Amino acid sequence: MLTAVKNQMRVCLLSIKYNVMREMVNKVTFLTNVGFMVLNNASFLVQWMILFRLRGEVGGYTFREIMLLWGLVAASFGLSHILFARVFSLPDLIINGKLDAYLVQPKNVLVGVITSSTDVSAIGDFLYGIAIAAICGPGVGGFILFLLFTVTGAVVFTAFALLLGSLSFWFVRMDMLQNQMVMGIVSFGTYPDGIFKGVSRFLLYFIIPVGMAVWYPVHVIVRFDAEMFFTVAGYAALLSAMSVAVFYRGLRRYASGNLMVARM
Amino acid sequence: MYGWGKRNAAGALSLARGRGGRVKGMPWRKYAVIYRLVLLENLQYAANIVVGFFSYAVFIYTFIMLWEYMYRTPGELIAGYTKEQMIWYVMMTEMIWFGSGAASVAREVSTDIRGGNIAYLMNKPYHYTLYVLAKYTGEWSVRLPMYAMLAAGIGTLMVGPLPGFPLTAVPGMAVCVVLGLTINAVFKMCISLFSFWIEDAAPFQWLYDKLLLIVGTMFPVEIFPKALQPLFKLTPIYTVFYGPAKLIVDFSPEKCVEILAAQAVYLAAGCGLMFLIYGKGVKKLYVNGG
């Protein structure tokens with residue numbers, strides 16, 4: 001059992017390594033993609049500088065806390081797109097019958113699928129997030145918490161995308177819904193939760209998991225709360241288990257597209 | 001979707017041509033045919049556009065919540081805008097942003113150049129850049145009115161009608177919006193045409209988009225420090241987003257003329273630049289066969 005898991009992990013790491021190496025063939029394009037994504041994210045500093053010029057705090061957050069929010073979204077989003085980029089195009093694989101190539105491999109289907117591509121620009125997102133966390137200085141403990149929550153955030157991003165993407169086994173056009181809901185986490189997550197009220201706040205904590213991926217973690221980093229910490233970890237684990245179950249349930253319905261695909 | 005459009009556009013062009021392969025009548029007729037075909041195609045798939053409303057609603061909802069929080073007292077002014085004007089300004093700029101879908105122009109040009117399809121398209125009896133613009137116009141002709149209706153609905157429901165909105169000025173505003181998004185498409189195409197020299201122009205598109213998004217759509221120019229405002233008015237921000245949205249929230253005939261004049265200059269300069277880059281780019285083209 002343990003050997004099988006170790007083998008699977010090794011294959012995953014090799015897959016990610018070769019994905020990145022393939023993207024690095026053209027070094028200029030690779031570096032431009034990464035560098036410009038950092039600049040792209042940094043441009044939003046202007047937005048918050050303007051808003052903090054108008055008010056000393058926004059939604060109960062200081063400028064430093066907003067930056068932590070941004071850093072965590074960028075790092076989590078980046079990590080999930082570096083390791084599991086294919087999960088974000090899962091509906092395309094399902095609808096067009098492109099899963100066949102993964103089904104015949106003697107390894108775990110789901111892990112094989114989701115680790116089969118890497119989004120290069122996501123490296124820029126990840127680096128930006130880590131740099132912001134280092135600059136905002138939450139302290140050593142805070143930085144370790146930031147890294148931990150980057151992992152739980154990436155798990156939430158990936159699991160949420162997997163859950164919605166797996167619905168393609170039953171429904172068409174889930175690609176658009178998946179994309180919009182995942183980007184919804186980014187759009188809402190880069191604003192403080194203090195500006196949302198009532199039903200919308202509830203939806204953003206429990207339906208679109210912005211609260212669990214970003215807001216709770218930032219609260220814990222700023223002021224440690226063990227209950228919140230374990231709520232986030234538990235939610236990430238539960239969402240993952242649910243999304244994996246939905247994927248394998250849907251996989252039983254999968255019909256091959258009779259498509260000849262060469263994976264290189 | 002694009003493959004269908006191209007095949008049909010090519011077929012329709014042969015109908016639009018007279019004997020000897022020359023286009024009868026006005027040279028713009030072939031672009032009108034392309035426009036009409038893409039328009040009809042997009043009308044068939046109008047329901048797909050509705051799915052995109054979710055992202056727009058997310059953006060707008062967030063900004064309504066944000067400005068509700070930022071304005072603490074009734075009647076307060078920020079950078080000369082009331083809360084209602086500020087929210088309507090953002091709704092209009094985001095309506096242009098989402099309704100124009102200018103990313104499709106950038107994507108199509110980059111894909112054509114990188115994939116080699118440009119070698120096939122540049123030999124057709126049209127100018128490639130104008131062909132892309134005609135197609136793009138057919139796309140937004142369906143999408144933009146749908147987003148405009150959505151914006152008007154959300155705005156009226158959540159913020160209330162825009163105070164002092166002159167219905168008679170709608171044609172002038174519409175012309176400004178159309179010119180604005182055409183200028184945006186031309187500049188995005190200019191950036192994508194750099195794919196002739198560099199493999200991937202997408203990173204430059206990100207920066208251009210962010211400049212427009214942050215400085216042009218999220219805030220009116222007046223909110224920035226006074227020293228920067230004249231500088232922003234020289235960038236595409238003024239002609240693409242700020243100008244048209246400012247007219248909608250605070251219309252004045254003098255402002256309308258000023259914005260239209262700026263747009264005419266920008267469009268002429270943008271098209272000149274686009275033809276120049278394309279002309280130089282196609283000379284760099286290597287076709288590897290296949």
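The values are calculated or read from the model by the stated rules, or taken from the named source; none is laboratory data. This structure is a prediction, so every number in the text was calculated from the model and none was measured. Here the Cβ positions follow ideal geometry from the backbone for every residue, glycine too, while neighbour counts run over all protein chains shown. All accessible areas refer to the heavy atoms of the entire protein, side chains included, with ligands and DNA or RNA removed. Shrake-Rupley method; radii C 1.70, N 1.55, O 1.52, S 1.80 Å.
Okay, here's what the table says:
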| read-out | value |
| --- | --- |
| For B:R36, net neighbour charge (Lys/Arg +1, Asp/Glu -1) across residues whose Cβ lies under 13 Å away | +1 |
| Solvent-accessible area of B:T82 with every protein chain in place, 1.4 Å probe, in Å² to the nearest 10 | 40 |
| Prolate/oblate/rounded call for the range A:164-264, Cα gyration tensor, a/c under 1.5 rounded | prolate |
| Two-site FRET efficiency, B:A169 against A:F230, from Cβ-Cβ distance with R₀ of 56 Å, rounded to 0.05 | 0.45 |
| Isotropically averaged projected area of the protein assembly as shown, using the convex hull of Cα atoms (one quarter of hull area), nm² | 28.6 |
| Furthest towards positive pole of dipole, A:G184, B:I118, B:C190, structure part the protein assembly as shown, Cβ charges | B:I118 |
| Minimum 30 Å² accessible area buried by the other protein chains, the range B:29-62 residues, probe 1.4 Å, relative to alone | B:N48, B:V51, B:F54, B:V58, B:Y61, B:T62 |
| Rounded if a/c under 1.5, otherwise prolate or oblate - the range B:106-262, Cα gyration tensor axes | prolate |
| Low-density loop cleavage sites - GluC sites (Glu not before Pro) in the range B:68-161, where at most 15 other Cβ are within 10 Å (DSSP) | B:E76 |
| Whole-number percent relative contact order across chain B, with pairs defined as alpha carbons under 8 Å at least 6 apart | 23 |
| Derived scalar couplings ³J(HN,Hα) [the range A:176-193; Karplus, 6.51 cos²θ - 1.76 cosθ + 1.60; whole Hz; x for Gly, Pro] | 5, 5, 4, 4, 6, 5, 5, 5, x, 4, 5, 4, 6, x, 8, 10, x, 5 |
| Residue mean of other protein chain beta carbons inside 10 Å, A:130-142 | 0 |
| Longest exposed-site-free window of chain B, the sites being trypsin sites (Lys or Arg not before Pro) in a DSSP loop that have at most 16 other C-beta atoms within 10 Å | B:73-225 |
| Accessible heavy-atom area order of B:C271, B:C190, highest first, probe of 1.4 Å | B:C271, B:C190 |
| Calculated FRET value between A:L2 and B:Y45, using beta carbons and R₀ = 41 Å, to 0.05 | 0.20 |
| For chain A: relative contact order, % (alpha-carbon pairs under 8 angstrom, 6 or more apart) | 26 |
| Compactness index (Cα Rg / 2.2 N^0.38 Å), the range A:2-251 | 1.03 |
| Distance in nm between pseudo-label sites at A:V28 and B:E68 (7 Å out along the Cβ direction from Cα) | 5.0 |
| Solvent-accessible area, 1.4 Å probe, carbon plus sulfur percent, for the range B:2-283 | 67 |
| Å² of accessible area per residue within the protein assembly as shown, as computed with a 1.4 Å probe and no ligands counted | 45 |
| At least 50 Å² of accessible area lost relative to the chain alone, listed for the range A:164-202 with a 1.4 Å probe | A:M176, A:Q180, A:F188, A:Y191, A:I195 |
| Total charge dipole magnitude, the range B:2-283, about the Cα centre, Cβ charges on Lys, Arg, Asp, Glu only, Debye to nearest 20 | 1420 |
| Interface area, A with B, accessible, probe 1.4 Å, both sides summed, Å² nearest 100 | 3200 |
| Helix A:27-42 axis, angle to chain A major axis (alpha carbon atoms, nearest 10°) | 40 |
| Cα gyration tensor, the range B:2-283 - rounded (a/c under 1.5), prolate or oblate | prolate |
| At least 10 Å² accessible surface lost relative to isolated chain, residues of the range B:179-208 (1.4 Å probe) | B:E199, B:D200, B:P203, B:F204, B:W206, B:L207 |
